[in-house]
Amino acid sequence: MGNIIRSKRFWLVAPAVVYIGFFMAVPLLQMAYVSMLERGDYGGVNWGVFSMDAYISFIFERDLMDNLVVNTDYLQIFARSFGLSAMTTVFALLLGFPTAFYISTQPQSRRNFLIFLVTIPFWTNILVRNYAWMLLLRNGGLIDGALNWMGIETGGLDVLYTPYAVSIGLTYTYLPFMVLPIYASLEKLDHRLVEAAFDLGADKRRAMTRVILPLAAPGIAAGCILVFIPCLGAYVTPELLGGGKFMMIANLIGSQFGAARNWPLGAGLGFVLLALVLISMMVYSFKFKSLPEESR
Amino acid sequence: MKVDASNPLWRFRGITSTAMFFFAYLYLPIVVLIALSFNENRLATIWTGFTMDWYVTALSNDDMLRAAQNSIVIAVSATVLATIAATLAAMGMSRGRFKGESGVSAMLVLPLLVPEIVTAIATLLFFVALGIKLGLLTVIIAHTVFCIPFAYLPIRARLEGMDPALVEAANDLYANEWKAFRRVTLPLLWPGILSGAMLSFIISLDDFVISYFVGGAGATTLPIYIFGMIRIGITPEVNAVSAMMLIVSILFVSISFLIDRIRY
């Protein structure tokens, strides 16, 4: 009897698992393999010819005399991606924590509605959302126009196609991921603990820093991870709001499959990005066991 | 946290104003985009009057309609495949624990963890290595992968909330397994399945990065077409097409959430 049930369950789960395994896990392994192959002369790869060029060219390039010299171009793009992602995470936290706190102090029916409002933009097209920011940020755009109308001469805002624009767009794109887990941990917080702190003479600042923030820490950590990681892999925002001038890791990877035609390098960079993501997930789950449950 | 919001002790300085700023920041671009799509002025950002002309222009653009058709074919196929696989998987996962369960769950949500660009290039390399020509079919295959977790999660949540005694009762009353599924489980489960399917549909319809790399020349989807238009410049037609995409997404997600709230 037990065997029949077990085998039936096996067949129920099998299609989804086999599908994802074959069309995602296998391609990821193959990508790691491609990163260790030699680059083809006219794009593509020479299958079966091993080479570590992809990983060497990440840090070095060959000069005219065929000597390896240090090339920091790619490292700079990685550093920029980390910097922008860290900045975005900080902005998202500064905006997201108060918002999650505000929602958690509202009556139940209004809470559900507000959480719904937070999630809606996530489901809308990412190109469209970033395009809307182009309308707002460009010279002669809405924000520029509003400032001029208020009598502040901007002489052209010159924000679009700068790292600032990319940062605004990234914060906008990933903000909901900060609010939801923080809200989930604040919702479970026992309000009597906060009231006890007040009774024991804590002022608001102390109640916040010594009681509320420590209890919300798992949610805050989850939110930071959920913003930082997708930020690191952002493709559309730097492409549109950075105007292609401020590449992040994903754009560098993408360009290896376009004009640059260096598939092993693209695969290697993709593998590095994937490893960074998986390591940060592991560090997080090691520290906090499991993500706080998603709340609706 | 249940608090009496009228109690001044719960009012922390800056909380309400930051929350207000947050919602304004979140919705300002959406509202502005929809408003500008009705703007008569060709310069796109100066309001001169109301018009529906840009929608007419957009809807009579053959290239755009062909892209929209591709998008719908892809989204419907991926949704059907993903929803069937996800429903079966959710049912398999719901009956107690088993060996290797955590590995299986990890596999089912793997597509949510891997950065989109990595999925895109890995899938591209995979199809190239297999010698499969890039086109609608490759996009459908790739979309089905990331649609599975979006369909799986709501169905799984719905099953979790279901009373197992109901199916046991049906079995006691001599319903065979198929009959118990069709007459008891399915009627209780359909809101979860429908809500999962709608989320899959919208995620597939909105996808850009994966379609862009896996699609090749033959499979221009609506987001890829919009990307091309934005590259050329900001025009009122782009506003109109974008506003339509926004409205479709918001409608679908709202309906999906309403369905999900239908009681057992």
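One table, with the values for the structure above:
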{"quantity": "Unique residue being touching a residue at least 60 places away in the same chain (Cβ under 8 Å) and of a type in the set (A, V, I, L, M, F, W, C) when the list is A:ILE56, A:ILE143, A:ILE77", "calculated": "A:ILE77"}
{"quantity": "Test for B:THR220: is it in contact (Cβ under 8 Å) with a residue 60 or more places away in the chain and over 19 Å from B:ALA68 (Cβ atoms)", "calculated": "no"}
{"quantity": "Within segment B:96-198, helices (runs of 4 or more DSSP H) holding 3 or more residues that are in contact (Cβ under 8 Å) with a residue 60 or more places away in the chain and hydroxyl-bearing (Ser, Thr, Tyr)", "calculated": "B:136-160"}
{"quantity": "Residue tally, condition in a helix (DSSP H, G or I), aromatic (Phe, Trp, Tyr) and modelled with pLDDT under 90, over segment A:254-294", "calculated": "4"}
{"quantity": "Search result, residues across segment A:227-253 that are part of a helix (DSSP H, G or I), farther than 14 Å from B:ARG231 by Cβ and more than 15 Å from the chain's Cα centre (by Cα)", "calculated": "A:LEU252, A:ILE253"}
{"quantity": "Yes/no for A:GLY83 being surrounded by 16 or more Cβ atoms within 10 Å (Cβ to Cβ), of a type in the set (Gly, Ala, Ser) and not in a loop (DSSP other than H, G, I, E, B)", "calculated": "no"}
{"quantity": "Selection count where residues are basic (Lys, Arg) and closer than 19 Å to B:GLY131 by Cα, scope segment A:26-65", "calculated": "1"}
{"quantity": "Residues of segment A:58-94 that turn out to be closer than 18 Å to A:MET178 by Cβ and of a type in the set (Asp, Glu), as a count", "calculated": "0"}
{"quantity": "Some residue of segment A:137-155 being in contact with a Phe, Trp or Tyr (Cβ under 7 Å, 6 or more places away or on another chain) and within 26 Å of A:PRO238 (Cα to Cα)", "calculated": "no"}
{"quantity": "Restricting segment B:104-135 to residues that are more than 9 Å from chain A (Cβ to nearest Cβ) and small (Gly, Ala, Ser), the residue that is farthest from A:GLY266 (Cα to Cα)", "calculated": "B:SER105"}
{"quantity": "Residue within segment B:160-169 that is farther than 18 Å from B:SER71 by Cα and within 12 Å of chain A (Cβ to nearest Cβ) present", "calculated": "yes"}
{"quantity": "Segment A:95-107, residues that are at the interface with chain B (Cβ under 8 Å from one of its Cβ atoms) and assigned to a helix (DSSP H, G or I)", "calculated": "A:LEU95, A:GLY96, A:PRO98, A:THR99, A:PHE101, A:TYR102, A:ILE103, A:SER104"}
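Let's see how each residue does on (1) assigned by TED's automatic domain parsing to the domain that holds A:ALA275; (2) modelled with pLDDT of 75 or more; (3) in contact with a helix residue (DSSP H, G or I) (Cβ under 7 Å, 6 or more places away or on another chain); (4) exposed (fewer than 11 other Cβ atoms within 10 Å of the Cβ):
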site	(1), (2), (3), (4)
A:LEU12	no, yes, yes, no
A:ALA16	no, yes, yes, no
A:TYR19	no, yes, yes, no
A:GLN30	no, yes, yes, no
A:TYR55	no, yes, yes, no
A:PHE58	no, yes, yes, no
A:ASP63	no, no, no, yes
A:ILE77	yes, yes, yes, no
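The values are calculated or read from the model by the stated rules, or taken from the named source; none is laboratory data. What you are looking at is a predicted structure, and each value in this text was computed from that prediction instead of being measured. Because the Cβ atoms are built from the backbone with ideal geometry, glycine has one as well, and the counts that use them run over all protein chains shown.
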